[in-house]
Amino acid sequence: MDLVNYTDRFELLARKLTSELNDEGFWSGELSSSALATAVSIVALKLGDPQQLQPGIVRGLSWLTDTINADGGFGDSPDSLSNVSTTLLCYAAFRFCAREFADLYDKRRHSVAAGSDVVCMTDFSNIICGMEQYLVREGVEIQSDAMVASILGYYGKDYTFSVPILSMLVICKVLDAKALELIPRLPYELALLPFSLYRFFNLQVVSYAIPALVAVGIYLFKHKSRPDPLTSFTREKAIKPALSKLGRMMPESGGFLEAVPLTAFVSMCLIKSGFSDNQVVIRGIMFIKKLQRPDGSWPIDTDLSTWVTTLGIKAMGRHLSEFLPIDQRVRLRSHLLNLQYQLPHQFNNASPGGWGWSSFSGSVPDADDTAGAILALLELEQEDPAVKPAIMNGCRWLAGLQNRDGGIPTFCKGWGRLPFDQSCADLTGHTLLAWIKTIVRYGAQLKDSEFKKLNRGISRALRFLEKEQRVDGSWLPLWFGNQMTSDKTNPVYGTARVAVYLQDAIGGMSHDNPIHGRIEPMLACAVSFLAGEQNEDGSWGAGRGVQGSMEETALALSALIVTSPDRCKDGFAWLDHEFQEKGLPAKPIGLYFASLWYSERMYPMVYYLEALRRAGKY
């Protein structure tokens, strides 16, 4: 593609992107449907009210039946490889909902007989048998005590998903009740302590999983043996206040973190503990019912609207005004300003000043979305007096999140040692850029104390990135990966993201600036790594030899276009061919809570658009 074609394609995609603004003036995106979310949802619905909610259960079973992989297993998304956890939960859902499945099969059989174009489903026994054979090939024997150890081993020290999964297998009678004795207890009573003290206890669940700690912990307490009467008495007394706290943590939407699996696990465990009439269960079931899609499936979360909105603004950059009239830009700016938290968050008591990933009430402030919102507002400012205070509050919020090692975690400073609570390179790079751009824009207006605090944070963040950069020049991301690598990591994504943040941070900065001097060597190693990972066909996957995707290729091109324009030609040619032949196919490179894979429909579009903008010198 020559420069003219870069420009033409950029304008085409920019118009496509702006056409997808919702009625409220921002982007919602669309997360892929999830077999795991669908399986746990239909079990929660059956427990909640099998008669009233049966149509939703049947539609969910229908969708699952239509998305079985050829090996008999299920992956997290329809494009995901089969995995043991998701297949086990789908197996449990089919076994638990056998009667509803029979009704569904009967209806489809009559529909086919009536001459419709519905294809008759494989019978129940073949579906179950296919899943069992897949699990056996993976070394998992159904109803074996070894299965408990296998699931616990897969998730390691993090009980966030392993214990809820095992609890659902018992609820659905895939595992015998005696298996409960092998499942670790969850200390739900510790949830009554102030959130600031959680990090001092070895809870074995990440910071965002407190609802699971409470609900699953109560379920296990109710159904496991109680060897110590005194401890049992104390824990029994803690149930009522723990449920009260859980109710206070529940957002208006009814979905904890807007997450379908988390809300479903909480609902089913409380129902099986005798709390069907609790408002947490009633509102949770309503949330699950509301989020079911017309095809019968569920996504893992409501949406990532704040995240994809800031990505869309970033993709068009300073040319946003060419594609969006002033009134639409004002609506975007107002939307982002209104989403900043002004009070401590009810879920985790996070300080005011941050942004979450969605406009829905279950969203929680996090580092990546806060940095993204700051950078988007800097792009949209237009001398609005409300923008600077919002940005400074966001910068202060990020500074309060910075860990001792200089890195930035997702939700909580120093919360724990589990992976999703630790500092990570891509969030740190994003925060670094937000701080530097804030100083560039408002430096002359900052108080001396504010200026020093931001510079101190920048220096510590740089130290973290220097330490975390691997010998080959790469960085690993936290919330993104690739199913096709042996360890499921995605160094191309992580390195490309950090490299672009660093390039943008020193754009226009003098070479004698100490920050420039620290960033330049890291950048040189990073772009060298990315250049060496390009596939023969011009694309990038998570590494050389890994099948390329539009997301990874576009991100690598954004990082390399300044230093290696010739190498980028093959990459843009590959993107052009993909676009012409397939449109904008999304791949499951996103890693949701506890290693659930997802794709987001907007990722290929916004990443491709950004790469074109940078290539066309926009």
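Some observations on this one:
- Qualifying residue in the range 265-280 (condition: among the hydrophobic types (A, V, I, L, M, F, W, C), surrounded by 23 or more Cβ atoms within 10 Å (Cβ to Cβ) and touching a strand residue (DSSP E or B) at 6+ places or on another chain (Cβ under 7 Å)): no
- In the range 469-515, the residues that are in a helix (DSSP H, G or I) and loosely packed, with under 14 Cβ neighbours inside 10 Å: Pro514
For (1) in contact with a Ser or Thr (Cβ under 7 Å, 6 or more places away or on another chain); (2) in contact (Cβ under 8 Å) with a residue 60 or more places away in the chain, each residue gets a yes or a no:
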{"site": "Gln382", "(1), (2)": "no, no"}
{"site": "Lys388", "(1), (2)": "no, no"}
{"site": "Asn393", "(1), (2)": "no, no"}
{"site": "Leu398", "(1), (2)": "yes, no"}
{"site": "Gln402", "(1), (2)": "no, no"}
{"site": "Thr410", "(1), (2)": "no, yes"}
{"site": "Gly414", "(1), (2)": "no, yes"}
{"site": "Asp421", "(1), (2)": "yes, yes"}
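- Only one of the listed residues (Ala586, Ala611) is small (Gly, Ala, Ser) and not in a helix (DSSP H, G or I). That residue is Ala586.
- As a summary of the residue check, Ala444 satisfies the conditions (1) assigned to a helix (DSSP H, G or I); (2) in contact (Cβ under 8 Å) with a residue 40 or more places away in the chain except for the one numbered (2).
- Scanning the range 517-531 for residues that are over 25 Å from Ala371 (Cα atoms), surrounded by fewer than 22 Cβ atoms within 10 Å (Cβ to Cβ) and not charged (D, E, K, R) turns up at least one hit.
- Which numbered condition Gly274 fails, given (1) touching a residue at least 60 places away in the same chain (Cβ under 8 Å); (2) at positive phi: (1)
- The set of residues in the range 1-58 being of a type in the set (A, V, I, L, M, F, W, C), loosely packed, with under 14 Cβ neighbours inside 10 Å and modelled with pLDDT under 95 consists of Leu3, Val4.
- Residue within the range 497-505 that is under 28 Å from Leu596 (Cα atoms), of a type outside the set (A, V, I, L, M) and under 24 Å from the mean Cα position of the chain (by Cα) present: yes
- Enumeration of residues in the range 363-382 that are β-branched (Val, Ile, Thr) and modelled with pLDDT of 95 or more: Thr370, Ile374
- Residue match in the range 229-239 (condition: among the charged types (D, E, K, R) and modelled with pLDDT under 90): no
- Residues in the range 139-168 that are of a type in the set (D, E, K, R) and either modelled with pLDDT of 90 or more or in a helix (DSSP H, G or I) (or both): Asp145 only.
- Leu64 meets each of the listed conditions (1) surrounded by 24 or more Cβ atoms within 10 Å (Cβ to Cβ); (2) under 18 Å from Trp597 (Cα atoms) apart from (1).
- Just one of the listed residues (Gly254, Gly247) is crowded, with 20+ Cβ neighbours inside 10 Å, assigned by TED's automatic domain parsing to the domain that holds Leu180 and either in contact with a Ser or Thr (Cβ under 7 Å, 6 or more places away or on another chain) or under 30 Å from Trp597 (Cα atoms) (or both), namely Gly254.
- Residue count for the range 324-362, restricted to those that are modelled with pLDDT under 95, crowded, with 22+ Cβ neighbours inside 10 Å and either in the same structural domain as Ile210 (by TED's automatic domain parsing) or closer than 19 Å to Asp303 by Cα (or both): 2
- Scanning the range 452-484 for residues that are aliphatic (A, V, I, L, M), out of contact with any Phe, Trp or Tyr (no Cβ under 8 Å at 6 or more places or on another chain) and within 22 Å of Asn513 (Cα to Cα) turns up just one, Leu462.
- Residues of the range 261-295 that are closer than 26 Å to Phe26 by Cα and not in a helix (DSSP H, G or I): Gln292, Arg293, Pro294, Asp295.
For every residue, the table says whether it meets (1) polar (S, T, N, Q); (2) surrounded by fewer than 24 Cβ atoms within 10 Å (Cβ to Cβ); (3) at pLDDT 95 or above.
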site: Trp540; (1), (2), (3): no, no, yes
site: Gln547; (1), (2), (3): yes, yes, yes
site: Leu557; (1), (2), (3): no, no, yes
site: Pro565; (1), (2), (3): no, yes, no
site: Trp574; (1), (2), (3): no, yes, yes
site: Phe579; (1), (2), (3): no, yes, yes
site: Lys582; (1), (2), (3): no, yes, yes
site: Lys587; (1), (2), (3): no, no, yes
site: Phe593; (1), (2), (3): no, yes, no
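The values are calculated or read from the model by the stated rules, or taken from the named source; none is laboratory data. Predicted model only: the values in this text are computed from it and were never measured. Virtual Cβ from ideal backbone geometry, glycine too; neighbours counted across all protein chains shown.
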